[in-house]
Amino acid sequence: MTDYLKILSDKLDALKESGSYRYFLDVNKSAQHFPRFHYENEMGEKKTAVNWCSNDYMCMSVQEEVIGKLNFVSHRSGAGSGGTRNISGTTIYHKQLEQTLAALHKKEAALLFSGAYLANTTTLNTLGKLFKDVVFISDEENHASLIEGIKGCHAEKHIFRHNDVQHLEEILKNIAPERPKIIVFESVYSISGTISPVEEIVLLAKKYNCLTYIDEVHAVGLYGTDGGGVTSQLQLQKGIDIINGTLAKGFGVIGGYIAADKTIVDAIRSFGSGFIFTTSLPPAICAAAAKSIELLRANDEWRSHFHFNIQLLRKHLKRNEVLFNDNVSHITTITIGDATTCKKVADTLLREYGLYLQPVNYPTVKKGEACLRITTTLKHSEEEMIYLAQSLYKVLSPVLQQVQQKQQQNQ
Ligand SMILES: Cc1ncc(COP(=O)(O)O)c(C=O)c1O
């Protein structure tokens, strides 16, 4: 007889053994004191820590006007929408937010989803089914939601080496010209922090008559003078066919979307299962997200301050000899390698220094590439940065020495 629970607990034991089992910290989030928060340690004691791993980059989740809008509209329209988009779940707030998003990305239309994960899986899956004989060409570092979306429709798929346009072209050359082709990539890669060569990809797409799909989840709100992402910064909105984004990170609320030509949007609206068969976002969430976008579009100086903070943190990391991946984006990663060591480092940082850095492990990164991903926000002070850099130096120096020694012994 199948022992279902035993199968699952064996799998979980193996995951724990590998060091990749995920332990969540129960953050008692404070809108007033962000990025500081309370949590309870293993002994039930109340502790304070600074959050260095939130994707609330621009602190819009705790922005007064955004919270005010959420409160106002939830009192006016209720907590939930009460329906799918087709069955009473389209309110004026959904319509307004979609118009705002279309305008932000200089597109004819936009379509809302519960999250960018669902926007990615639904859109790619649906396109894969609508275009007969389609081929997807996907960057090797693409997010799980892009991979799942492509997998789900069982279309032919090719992977190009990360940000390697020559490899991309080699693949394109070998696909029959009459076949529909979709190039799928991100603008800012969420772990390595690399930024893709958008312009070159757009040129290749034109040359080989491909559709382009970009995930701007880690760029919207943060790049471009209006917060429209890397495509806005490069003025390449027209060159990309479908722009995907989230309302949950830079914009600080919840939800995801695509922005595109109105025919593409209408096709996903009409055929996309993950759009059709689910309750729509609450009206108040849509209103709060629209307020957040409006504020970020109008306040480019917030973005300048945010990017200034990234450089300031990196300056202090360098001063304290903390090695990190010095990329062109806002994501600062420290590679540790072994997942168990990475977890130990994160535990020490939290328990002894009051610093919260969630270890990033498999499957978010490849096995053996566990890392700490530092996210600086608009509200981290220089004092907090100095303390982080000094603490990282103290905790990491002995650990990295041990890792190096082990590597030398194994050689
Ligand atoms: C690159 C990328 N795309 C999509 C998503 C999904 O976004 P959401 O949280 O809005 O579902 C994430 C992570 O959350 C991501 O990192």
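Can you tell me how much longer the chain between Ala298 and Gln166 gets when fully stretched, taken as 0.36 nm per residue apart minus their C-alpha distance, in nm with one decimal?
Value of the extension gain: 43.7 nm.
What shape does segment 209-301 take by its C-alpha gyration tensor, where a ≥ b ≥ c are the square roots of the eigenvalues and a/c under 1.5 counts as rounded, a/b above b/c as prolate, and the rest as oblate?
oblate
Taking all protein chains as present, what is the carbon and sulfur share of the accessible area of segment 266-379, in % to the nearest whole number, probe 1.4 Å?
52
At 1.4 Å probe size, with the rest of the protein present, what percent of the exposed accessible area of segment 121-191 is carbon and sulfur atoms?
Within segment 121-191, the accessible surface is 49 percent carbon and sulfur.
Need one word for segment 305-411: rounded, prolate or oblate. Basis is the Cα gyration tensor (sqrt eigenvalues a ≥ b ≥ c); a/c below 1.5 gives rounded, then a/b vs b/c decides.
Prolate, since a/c reaches 1.5 and a/b exceeds b/c.
FRET efficiency for Glu42 and Phe72, Cβ-Cβ distance as r, R0 = 30 Å, nearest 0.05?
0.15
In segment 1-94, carbon and sulfur make up what percent of the accessible area (probe 1.4 Å)?
55
May I ask for the distance between the Cα centers of segment 289-330 and segment 202-262, given as a whole number of Å?
19
Using the scaling law 2.2 N^0.38 Å as the reference, what is the normalised Cα Rg of segment 67-174?
1.41
What accessible area per residue, rounded to a whole number of Å², is obtained for the chain using a probe radius of 1.4 Å?
Spelled out: the 1.4 Å probe surface of the chain, per residue, equals 49 Å².
Rounded to whole Å and sorted largest first, what semi-axes of the equivalent ellipsoid does the C-alpha gyration tensor of the chain yield via the square root of 5 times each eigenvalue?
34, 28, 23
Please report the antiparallel percentage of the DSSP beta bridges confined to the chain, to the nearest 5.
Of the beta bridges lying entirely in the chain, close to 60 percent run antiparallel.
Anything over 23 Å Cα to Cα? Flag those among Lys344/Lys394; Lys11/Lys157; Lys157/Lys366; Lys173/Lys366, in the order listed.
In this structure, Lys11/Lys157; Lys173/Lys366 exceed 23 Å between Cα atoms.
The values are calculated or read from the model by the stated rules, or taken from the named source; none is laboratory data. Bear in mind that the values here come from a model prediction, so they are computed numbers and not experimental data. Counting neighbours? That spans all protein chains shown, and the Cβs are built from the backbone with ideal geometry, glycine included. These area figures cover heavy atoms from the full protein model, side chains too; ligands, DNA and RNA do not enter into them. Shrake-Rupley method; radii C 1.70, N 1.55, O 1.52, S 1.80 Å.
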